[in-house]
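The values are calculated or read from the model by the stated rules, or taken from the named source; none is laboratory data. Keep in mind that what you see is a predicted model, and the values were worked out from it rather than measured. Positions of Cβ are backbone-derived with ideal geometry, glycine not excepted, and every protein chain shown enters the neighbour counts.
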Amino acid sequence: MIRKNKYTVSAGYALLLFLCVVTFFSCSKKENPPVAGDDSAQAGCVSCHTNYEKLKQIAAPDTSTGGGGCGGDAPHIETYDRVYLGGDGYTAFQSTAHGKMECVTCHGGDVAASEKTMAHGSTFINHPSLQASSICGPCHSSETTHAANSIHAQGWGQKSMVTLRYGATSFDALPATLKSGYDVNCGKCHGTCGDCHVNRPKAGGGGLLKGHLFFRTPDMHQNCTACHTSRGGHAYFGVAPGSQPDIHLSKLPNGGHCLGCHSGTELHGDGQVYDQRYKVPALPKCETCHANLASKNAYHSMHLTTFNCQTCHSQDYK
């Protein structure tokens, strides 16, 4: 028979208390459980950007300027919402080719740091596709090469009109204040690969659209008409008083998506500079779908070669 003394009893109580504490924390629900498939090399990035409450605590003051040029003020989206990795989009992202890459491959920074300032540091790249040729280019060389001079990326048409109105010989010759005004207003609607394929554009509030999921086809509402609002979205969707939805919205496949007419070749560009969107060779033409128009009626016979189709086949817009 073993004789117990006060020391063995105390040790027993201490061991029991230890086991209870371990069991409690092991079984309790965690606010931010580890995400399946996390790579240890980027766990620091993921642990912060999947922790919604932590993002709210460490969020910096919003430096984003509102306004989408002629589209009006952009919707306000909180800074932490713009960088949060969550939802079905992030779950799907993890199993994609982009999701299996290390965060630092595109964003730089220091994955070993646990503090925000150190993790981001001097090498952090907030919007990688602003450096598309070096970051996106190694995998998407054709797209980045062509898009560099596209109207979407550069806004050559608007730059040309601003230059002509001022009377300068080139956009670069404009005063710094005028170029700055262009960037704040017109420039907000011209963006990068990320603005169409992973983020909302600035005019739509900015930030990740679907938890960092990359999508081949931009969202018609969140991407396309976030920028093409008054002269695209309003007229096409028929939101203005007295207007009606465009017939293509119901007749074209895929819900009348913009890409039903506007091809990737047109949107990405062909590498050449065009100072007006109507000069782009890949611009959609009504005749692609509507053949034999000249013989349809007397109006076509008279005006087909002198009027644009939308001169007659359109409705009032903002």
I'm checking my understanding of the structure. Among residues of segment 114-132 that are outside any loop (DSSP other than H, G, I, E, B), of a type outside the set (A, V, I, L, M) and under 19 Å from the mean Cα position of the chain (by Cα), which one is farthest from residue 210 (Cα to Cα)?
131
Testing residue 157 on (1) touching a residue at least 40 places away in the same chain (Cβ under 8 Å); (2) more than 30 Å from residue 170 (Cβ to Cβ); (3) touching a Lys or Arg at 6+ places or on another chain (Cβ under 6 Å), one condition comes back false. Which one is that?
(2)
Filter pass, residue 104 being exposed (fewer than 14 other Cβ atoms within 10 Å of the Cβ) and touching a residue at least 24 places away in the same chain (Cβ under 8 Å)
no
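Here's the yes/no breakdown for (1) assigned to a loop (DSSP other than H, G, I, E, B); (2) surrounded by 16 or more Cβ atoms within 10 Å (Cβ to Cβ):
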site: 96; (1), (2): yes, no
site: 112; (1), (2): yes, no
site: 134; (1), (2): no, no
site: 149; (1), (2): yes, no
site: 158; (1), (2): no, yes
Filtering segment 160-186 for residues that are without any contact (Cβ under 8 Å) to a residue 40 or more places away in the chain and part of a helix (DSSP H, G or I) leaves a count of 17
So, residue 144, is that one within 26 Å of residue 274 (Cα to Cα), in the same structural domain as residue 273 (by TED's automatic domain parsing), in a helix (DSSP H, G or I) and β-branched (Val, Ile, Thr) or not?
yes
Of the residues in segment 99-110, those that are of a type outside the set (Ser, Thr, Tyr), more than 18 Å from residue 55 (Cα to Cα) and in a helix (DSSP H, G or I) number 2
